[in-house]
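Let me begin by presenting the structure, written as structure tokens, before commenting on it.
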Amino acid sequence: MKKTCYFLLLLTIATVCSCKKEDAVSTGIQPVNLIVHLTYALDSSDYSLPVKGVTVKITNTSTSSQLTASSNDSGIARFTAIPAGTYDVDATITISADNYYTITGTYIADDITFNASEKNAAIAVGNDLTMNMTLVAGTTGQWVIRQVYFAGSHRTDGALYRDQFIEIHNNSDQVLYADSLYIGQVYGRQSFTSSNYYTLTNGQMDWSKSVNMPADIDANNDYVYTRTLLMIPGTGKTYPVQPGSSIVIAQTAMNHKVPWTGANGTTISVKNPALTVDLSGADFEAYYASFLSTPLASDVDNLSVPNLEVLQYFGNDWILDNNGRDGYIIFKVDGAQIVKNWPMYNFPTTSTPSATAVKYYQVPLKYVIDAVEIQPNTAEDRIPKKFSAQYDAGFALVPKGAYSSQSVVRKTQKTVNGRVVLKDTNNSTEDFDYFDVATPGGFK
């Protein structure tokens with residue numbers, strides 16, 4: 001009897017283990033391999049840039065887990081036995097100015113960074129993936145976007161969106177003048193769910209299909225499209241900015257921590273001043289009320305702060321997308337360009353737009369000094385990128401999302417004789433950190 005019971009026990013254990021083993025085979029996640037092959041986009045074939053030592057980082061968009069590898073002599077980086085899933089793949093290498101001169105014979109003042117990026121790359125179970133990526137040199141300028149406070153603060157305890165601002169930094173070693181510096185809010189497809197647009201393979205709008213778009217231009221790669229376009233006034237040398245210093249551009253240049261009187265005479269206040277910021281000392285503000293029939297009560301003109309020139313706007317105030325679905329650019333043009341006369345186009349909708357449909361300025365990327373891509377804080381809300389790797393290979397975000405009081409802020413690269421130089425590799429994923437509470441003038 002004991003032998004029979006013992007046999008039945010062994011049979012039961014074997015059956016359970018067999019089932020578990022079969023379940024593991026049928027439902028287990030099999031690891032996959034990713035091979036990244038790196039090359040350069042070069043204007044000349046007279047020289048070769050190093051493909052060894054390129055840092056490749058992959059980020060699982062679902063778990064946020066990251067792995068890093070370095071490319072070999074052949075420009076190949078390997079990731080073996082990684083979980084199947086969707087990944088962001090970023091590659092970067094910085095070549096010193098001296099080394100770049102030795103290789104190319106071209107003098108550059110600073111080290112140069114090359115980037116490549118592939119977002120939302122899906123690697124399915126049982127399917128290894130070989131990815132070809134082309135490294136491009138980013139555009140770097142003397143001005144950089146230092147901080148973007150788009151999230152706003154708590155809806156009931158904070159200032160909602162009234163306290164938003166952008167900060168722009170003089171990253172050079174000489175005095176720069178902010179006069180005629182343009183600030184653009186770049187727009188595009190806001191989600192993957194809308195299907196009434198002509199789209200590119202990455203899901204972003206195909207602007208070449210816009211009504212009356214010229215056929216002899218590269219509408220998607222040589223331009224971006226803005227829904228807000230502002231300009232700092234001045235005669236050329238009205239607003240000097242010292243090396244390592246910044247200017248703050250406020251939606252409304254008020255101290256949002258304390259009560260103040262709105263345009264309609266009502267008191268505007270917050271329940272928790274710690275959630276918001278004092279923008280009464282901002283350098284510029286966006287004031288819309290003078291040309292709107294129904295301006296917001298919160299759009300008050302601080303007479304001690306110069307107003308921006310408004311070339312293009314939407315809504316009742318300069319409101320940045322709290323969810324993080326806009327991109328931002330700064331640019332300057334030569335004297336031959338009249339920006340307000342630049343062409344504007346409708347969205348590339350599959351149906352013909354109405355005569356009153358909104359149009360968007362077409363901004364040539366050749367004039368852009370700096371670009372920052374912003375994305376929502378959760379992977380499922382991610383939208384198609386608006387900028388190529390040449391202008392921003394990555395993106396910045398705030399971990400807590402909309403109405404969190406958080407801002408994205410560019411990291412400090414070094415300090416030279418007291419002058420702060422900010423990191424600028426044209427990859428906002430690497431270049432930016434965040435403040436838990438937006439801090440005008442703050443550094444990371």
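All of the numbers you see were taken from the coordinates with simple rules; none came from a lab. Predicted model, so just to flag it, every value in this text is computed and none were measured. Because the Cβ atoms are built from the backbone with ideal geometry, glycine has one as well, and the counts that use them run over all protein chains shown.
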Q.
Once you order the gyration tensor axes a ≥ b ≥ c over the Cα atoms, which shape class does the range 286-363 get: rounded for a/c under 1.5, otherwise prolate or oblate by comparing a/b with b/c?
A. oblate
Q | Within the chain, percent of DSSP bridges classed antiparallel, to nearest 5 | A | 90
Q: Would you work out which of GLN312, LEU279, ILE330 lies farthest towards the positive end of the dipole of the range 257-332, given +1 charges on the beta-carbon of Lys and Arg and -1 on that of Asp and Glu, about the Cα centre?
A: LEU279
Q. Rounded to the nearest 500 deg cm²/dmol, what is the calculated helix-only ellipticity per residue at 222 nm for the chain, with -39500 (n - 2.57) per DSSP H run of length n ≥ 4?
A. -3000 deg cm²/dmol
**Q.** By average C-beta atoms within 10 angstrom, highest first, the peptides 354-361, 215-222
**A.** 354-361, 215-222
Q) For SER45 and TYR367 in the same chain, what is the full-extension length gain: residue separation times 0.36 nm, less their Cα-Cα distance, in nm? A) 113.3 nm
Q) Is any residue of the range 200-232 close enough, with backbone N under 15 Å, to a label point placed 7 angstrom from the Cα of LEU311 along the Cα-Cβ axis, and if so, which? A) 223-232
Q) Which of SER428, SER70 comes first, and how do the rest follow, when ranked by fewest Cβ neighbours within 10 Å? A) SER70, SER428
Q | Set of the range 356-391 residues, backbone N closer than 17 Å to the point 7 Å along the Cα-Cβ line of ASP334 | A | 364-369
Q | Using a Förster distance of 30 Å, the FRET efficiency for ASN255-THR156 (Cβ separation, nearest 0.05) | A | 0.95
Q.
Give me the extension gain from SER194 to GLN174: residue separation times 0.36 nm, minus the current Cα-Cα distance, reported in nm with one decimal.
A. 2.5 nm
Q: Might you report the magnitude of the Cβ-based charge dipole of the range 32-137 about its Cα centre, with Lys and Arg at +1 and Asp and Glu at -1, to the nearest 20 debye?
A: 360
Q. So which residue, out of VAL305, VAL408, VAL175, gets the largest mean-square fluctuation from a GNM of the chain using Cα contacts under 10 Å as springs?
A. VAL175
Q. Rounded, prolate or oblate: which one fits the range 153-297, using the alpha carbon gyration tensor with axes a ≥ b ≥ c (rounded when a/c is under 1.5, else prolate when a/b beats b/c, else oblate)?
A. oblate
Q. Which FRET efficiency value, to the nearest 0.05, is calculated for ASP433 and THR68 with the Förster distance at 22 angstrom and r the Cβ-Cβ distance?
A. 0.75
Q. Taking springs between alpha-carbon atoms closer than 10 angstrom, which of ASN427, ASN212, ASN120 fluctuates most in the Gaussian network model of the chain?
A. ASN212
Q.
How high is the relative contact order of the chain? Use alpha-carbon pairs under 8 Å, at least six apart in sequence, and give a whole percent.
A. 17
**Q.** Where the Cα pairs of the range 217-312 fall when distances are cut into 10 Å bins, in %
**A.** 14, 37, 30, 16, 4, 0
(Q) If packing is taken as the average number of other Cβ atoms within 10 Å across a peptide's residues, how do 287-299, 134-146 rank, most packed first? (A) 134-146, 287-299
Q: Compare ARG162, ARG419, ARG410 in a GNM of the chain, Cα atoms joined below 10 Å, and give the one with the largest fluctuation.
A: ARG419
(Q) Can you find, among GLN251, VAL211, THR61, the residue sitting farthest towards the positive end of the charge dipole of the chain, where Lys and Arg contribute +1 and Asp and Glu -1 at Cβ? (A) THR61
Q | Under 13 Å, Cβ to Cβ, from TYR100 - net charge with Lys/Arg +1 and Asp/Glu -1 | A | -3
Q. Angle, helix 2-27 long axis vs. longest principal axis of the chain, Cα atoms, 0 to 90°, nearest 10?
A. 40
Q. Between ARG419 and ALA109, 0.36 nm times their residue separation minus their Cα-Cα distance comes to what?
A. 109.9 nm
Q | Listed peptides 224-237, 51-64, 258-271 by packing density, highest first (mean Cβ within 10 Å) | A | 224-237, 51-64, 258-271
Q: Mind putting a number on the dipole of the chain about its Cα centre? Charges go on the C-beta only, +1 for Lys and Arg and -1 for Asp and Glu, and I need it in Debye to the nearest 20.
A: 1280
Q) Hey, if you put +1 on the Cβ of every Lys and Arg and -1 on every Asp and Glu Cβ in the range 32-137, which of LEU129, THR104, ALA81 ends up farthest toward the positive end of that dipole? A) ALA81
